[in-house]
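A quick write-up on the structure given underneath.
The values are calculated or read from the model by the stated rules, or taken from the named source; none is laboratory data. Everything numeric in this text was worked out from a predicted model, so none of it was measured. Cβ coordinates were reconstructed from backbone atoms using ideal geometry, including for glycine residues, and neighbour counts include every protein chain displayed.
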Amino acid sequence: MIEAKEETQKQVLEQVVVRFAGDSGDGMQLTGTQFSDTSAMFGNDVATFPNYPAEIRAPQGSLYGVSGFQVHIGSVEISTPGDNLDLLVAMNPAGLKTNIKAVKPGHMIIVDADAFTKKNLEKAQYESHPLEDGSLENYQVIEVGMTSLTKEALKDVQGLDNKSIIRSKNMFALGMVYWMYNRSKQHTIDFFNKKFKTKPELIESNTKVLNAGYFYAETLELIPNDYTVAPAKMPAGTYRIIMGNTATAWGFLAAAEKSGLELFLGSYPITPASDILHELVKHKHFGVKALQAEDEIAGISSAIGASFAGDLAITTTSGPGLALKGEALGLALMLELPLVVVDVQRGGPSTGLPTKTEQSDLLQAMFGRNGESPVIVVAASTPSNCFNYAYEAAKLTLEHMTPVILLTDGYIANGSAPWKIQSVDDMPDIKPLKVTKGDSDWQPYDRDEETLARGWAIPGTPGLEHRVGGLEKDKLSGQVSYDPDNHQAMTDIRAEKIKRVQNYIPELTPEFAQEGELLVVGWGGTYGNLYAALKDLKQSGVKDVGLAHFNYINPLPKNTAEVFSKFKKLLVCELNTGQFASILKMQFPQFTINQFNKIEGLPFGTNELVEKINEEIS
Amino acid sequence: METTTDKKYTFKDFASDQEVRWCPGCDDYVILRAVQKALPEIGVNKEDVVFISGIGCSSRFPYYMDTYGMHGIHGRAPAIASGVKLANPELSVWVITGDGDSMAIGGNHFIHMLRRNIDLNVILFNNEIYGLTKGQFSPTSLVGQKTKSSPFGNTQPPFLPGELAIGAQARFFARVGGNTPKEMSHVFIEAEKFKGTSLIEVLQNCPIFNDGCFSKYTDKDVREDKQLFVEHGKPMIFGKEKNKGLVLNGLKLEVVTLGENGITEEDLLVHDAQTQDPTLHQMLVRSEYPLVTGIIRGFPDVTFEERVSALVEEVKANSSFTKTDDLFFSGETYEVT
């Protein structure tokens, strides 16, 4: 074990990665969120990574019940939650055991020594006591009796049971970390005041424990360094910390306001998409209609009904839910009605890994329906740009009259980052294609010549009464048609409609290099990790490696082949076994495409990406 | 609530230009005409009427109505129609479904629609068979019934639609024979007036795959003796001679003859469709002799959309947010300079 340094020194760091780990009931998600929010308010750039088990309260002390929350803060641009830890806070032996591998050698681990009982060591399957057997000698281990110190701090507070007292020990840990990184406690104290408005004893107890941890760290000679991370240089503006799922919900609120439509959500609870439902049900003041339906199919079907009747209609789900929605999605594209389906991807197949991230629904989004059934597919790539791509998905579906699938994933949906708030006034216009007057020449499948989008004639409009349905329709009147030529024509139109969306989406702009040796290709939620890897490589002198990251999957940007042709090699990196690579191979057989895939339920690490890219260019 | 119209429509105004393609002799024609005749009497604007269907013979119905309509997917019409109604509560929304569509593949949506009590009018074409797929047994087919998929007899006991619906908290349930268009139109008009989910089961003969399935109740010569058409507030009398009636004997319904054993009209049950307690309604639904038709249950209750809009008004009144910027810039924001 490294001895603590005698003298206190102030050290300014560019970036720090901290992980809080404990039982799933220990409040690690809350602790991590408080630390990241406070750091963002201080002006740091931040990225977070919550990693928790699917069990709500797994058996205490078990290895599989460990819940973790990682926070990366910096005075520099931060694009990932970080690979390795500068500080691990482990609330019990299981938290230590499952996370120790991530701690940088020589760096710090704070443990709640009270939790290292014989029983807990056994549950964590330790054969010897890790704090005593010398196995941690490469780290600075700070043993703190957090449970007993928390009890001591609360001995004079009335009206608390033992369980509430012990549960607040996470605030002791947070207090210590606040002191270590020179963070203000105020944000968290404000949070207590708001959250426990009706329970003053909890405001008092949590504040006391937070302070106790803070002052304990201050007075403790054992804390070796007084770190600080300066504010980051970010574009001027008003910011807030936002979670990907919240940003997605807000993007739709903005799109509804801009388009002048009411927002309808039909949804069935599923992890990790449920937070979008939770967010949207709060906003009845904006006229949001949210139906928690009886199942996934009713979620999308009610949205189709609402769309037929003139609302901006969306449905939200995760992997298995998208499978259930397949048939109805086919109906929506046959009807040529606007509809956004949000799929927050998680580990699959089947129930898979509900709380872990993956990019393995891509081919399902592209092809998971019967018949020739193309839809627009877009993917958000950071927690905050979930706002922009939700907005964009709404704009595309309303202006092109065909369903859009918006892909996010558990990693960006649960992760949070600073968001430079965008006013609706500054967002691009959205022009729904509502047909308003009963023109005698009007036909239900009349199309815009440029986009091939049909008009949207909604019930209640006199003179435009018409019928739509899942049977193949005559290309103009929309009446049922079994005519062979008509079916060919309609199939071609539905495909061409999607293709023409290319004229309305931005071209692909590679970063780091416009031409050269290797183009690293990614899509969706891996952007932050790929960006960090490319930045590392650039700093180490690598010049001709570019990054092309896709947000538009179907159709692909017009200039995709042109961008690819400027590089000698292509490396597609994704969290599946090569789904985007297969799409690219199909559309651009002229290129040789190499792959880097990982399917562990975890995001890419910067280091593994750097290593792989170096291998490719050496 | 739909706005009424001053326009004078006839049934022809509700017929689309599409050729009707059901089999000759199918009761579906009778139902279509009864709906087209009911709508002018309801007095709703044509453009405010929406028909939503699932899949099956009956589900072609919207194509034949000159209103807004959607031929949806199998079993999902209740969910689609719920979305239509929630998006625009001003519309008069009708669901057209069959016994397979509503009680097999769409069973889940069917019960939840009833539970929520959204203001929809649901016409359930029950012919105790799958017609469009050419003759398999359905969830209402009888045990022992020989069909394409049960050549040795059906082994799955049937649902009784009314029993299932009332069990799922249906506030309005009516049953009518497929060959009595006047009774049908009457029930459709009452269903539209009723606020909440109104379910009408039509006993619909399928002349091709299940011919005569209801003839013991619906044939012209037996109809009056075998059916009791109930009306709210009226005694339960039936029979060609109007001399049969229903009384409650313990926990069972019993058929009595007026004038025998001193029975008078005063002894008969008086139909109360509007009571909340569904016990007697369930007994009427289950009765095989007489088969009870008419509006068996019509208990007025708060609709789903009334609950939703009351909540929206309340939230709006207590919120300072009027546009999304108010939300985005609220709470914990910070400035970067």
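When A:265, A:280 are checked against the criterion of being free of Cβ contacts under 8 Å to residues at least 40 places away in the same chain, of a type in the set (A, V, I, L, M) and crowded, with 23+ Cβ neighbours inside 10 Å, A:280 stands alone in meeting it. Can you confirm whether residue B:124 is in a helix (DSSP H, G or I) and either buried (at least 24 other Cβ atoms within 10 Å of the Cβ) or within 11 Å of chain A (Cβ to nearest Cβ) (or both)? Judged against the criteria, residue B:124 is not a match. Only one entry in A:603, A:589, A:555 is under 27 Å from the mean Cα position of the chain (by Cα) and over 24 Å from residue A:77 (Cβ atoms), namely A:555.
Annotation: residue A:232 fulfils all but one of (1) within 12 Å of chain B (Cβ to nearest Cβ); (2) over 30 Å from residue A:356 (Cα atoms); (3) at pLDDT below 95; the unmet one is (2). Pairs meeting the criteria (first residue in the range A:172-189 and within 13 Å of chain B (Cβ to nearest Cβ) and at negative phi, second residue surrounded by 23 or more Cβ atoms within 10 Å (Cβ to Cβ) and polar (S, T, N, Q), beta carbons under 6 Å, at least 6 apart or on different chains) are A:187/A:38; A:188/A:34.
Of all positions in the range A:195-207, none carries a residue that is assigned to a helix (DSSP H, G or I), in contact with a strand residue (DSSP E or B) (Cβ under 9 Å, 6 or more places away or on another chain) and not acidic (Asp, Glu).
Only residues that are in contact with a Ser or Thr (Cβ under 6 Å, 6 or more places away or on another chain), closer than 30 Å to residue A:241 by Cα and more than 8 Å from chain B (Cβ to nearest Cβ) were counted across the range A:420-467, and they come to 1. Residues that are modelled with pLDDT of 95 or more and either among the hydroxyl-bearing types (Ser, Thr, Tyr) or on the phi > 0 side of the Ramachandran plot (or both) within the range B:284-329 comprise B:287, B:289, B:293, B:294, B:303, B:324, listed in sequence order. The residue that is farthest from residue A:512 (Cα to Cα), counting only those in the range A:538-580 that are in a helix (DSSP H, G or I) and out of contact with any Leu (no Cβ under 9 Å at 6 or more places or on another chain), is A:561. Checked against the criterion of being touching an Asp or Glu at 6+ places or on another chain (Cβ under 9 Å), more than 30 Å from residue A:233 (Cβ to Cβ), modelled with pLDDT under 95 and not assigned by TED's automatic domain parsing to the domain that holds residue A:602, the candidates A:418, A:462 yield just one match: A:462. For residue A:371, the conditions (1) modelled with pLDDT of 95 or more; (2) in contact with a strand residue (DSSP E or B) (Cβ under 9 Å, 6 or more places away or on another chain); (3) of a type outside the set (D, E, K, R); (4) surrounded by fewer than 24 Cβ atoms within 10 Å (Cβ to Cβ) are fulfilled apart from (2). A count restricted to the range A:479-494 and to residues that are crowded, with 20+ Cβ neighbours inside 10 Å and within 14 Å of another protein chain (Cβ to nearest Cβ) stands at 0. All conditions but one from (1) under 24 Å from the mean Cα position of the chain (by Cα); (2) closer than 20 Å to residue B:305 by Cβ apply to residue A:306; the one that does not is (1). If only residues of the range A:385-441 that are in a strand (DSSP E or B) and basic (Lys, Arg) are counted, the one that is farthest from the chain's Cα centre (by Cα) is A:434. Looking across the range A:140-155, the residues that are farther than 13 Å from residue A:168 by Cβ and in contact with a strand residue (DSSP E or B) (Cβ under 7 Å, 6 or more places away or on another chain) come down to A:140, A:141, A:142, A:143, A:144. If you go through the range B:129-144 and keep only what is touching a residue at least 40 places away in the same chain (Cβ under 8 Å) and surrounded by fewer than 24 Cβ atoms within 10 Å (Cβ to Cβ), you end up with B:132, B:134, B:135, B:139. The condition (being within 30 Å of the chain's Cα centre (by Cα) and part of a loop (DSSP other than H, G, I, E, B)) is satisfied by just one residue among A:135, A:184: A:184.
Considering each residue of the range A:149-169, count those that are modelled with pLDDT under 85 and of a type in the set (S, T, N, Q), and give that number.
Residues flagged as modelled with pLDDT under 85 and of a type in the set (S, T, N, Q) within the range A:149-169 amount to 1.
Residue selection: residue A:470 satisfies the criterion of being in contact (Cβ under 8 Å) with a residue 12 or more places away in the chain, surrounded by 15 or more Cβ atoms within 10 Å (Cβ to Cβ) and at the interface with another protein chain (Cβ under 10 Å from one of its Cβ atoms).
Filtering the range A:399-425 to residues that are crowded, with 24+ Cβ neighbours inside 10 Å and farther than 30 Å from residue A:352 by Cβ leaves A:401, A:418.
Out of B:152, B:194, B:172, which single residue is of a type in the set (Phe, Trp, Tyr) and crowded, with 22+ Cβ neighbours inside 10 Å? Steps first, answer last, please.
Details: B:152 fails: crowded, with 22+ Cβ neighbours inside 10 Å; B:194 fails: crowded, with 22+ Cβ neighbours inside 10 Å.
Checking each option against the conditions leaves just B:172.
Filtering the range A:512-527 to residues that are under 25 Å from the mean Cα position of the chain (by Cα) and among the hydrophobic types (A, V, I, L, M, F, W, C) leaves A:512, A:519, A:520, A:521, A:523. Where helices (runs of 4 or more DSSP H) fall wholly inside the range B:240-337, the ranges with 2 or more residues that are surrounded by fewer than 16 Cβ atoms within 10 Å (Cβ to Cβ) and within 14 Å of chain A (Cβ to nearest Cβ) are B:304-317. Scanning the range B:209-220 finds no residues that are buried (at least 18 other Cβ atoms within 10 Å of the Cβ), assigned to a loop (DSSP other than H, G, I, E, B) and touching a helix residue (DSSP H, G or I) at 6+ places or on another chain (Cβ under 9 Å). The single residue among B:59, B:102 that is under 23 Å from residue A:466 (Cα atoms), hydroxyl-bearing (Ser, Thr, Tyr) and in contact with a strand residue (DSSP E or B) (Cβ under 9 Å, 6 or more places away or on another chain) turns out to be B:59. Of the strands (runs of 3 or more DSSP E) entirely within the range A:239-347, those holding at least 2 residues that are more than 10 Å from chain B (Cβ to nearest Cβ) and at pLDDT 95 or above occupy A:263-267, A:312-317, A:340-345.
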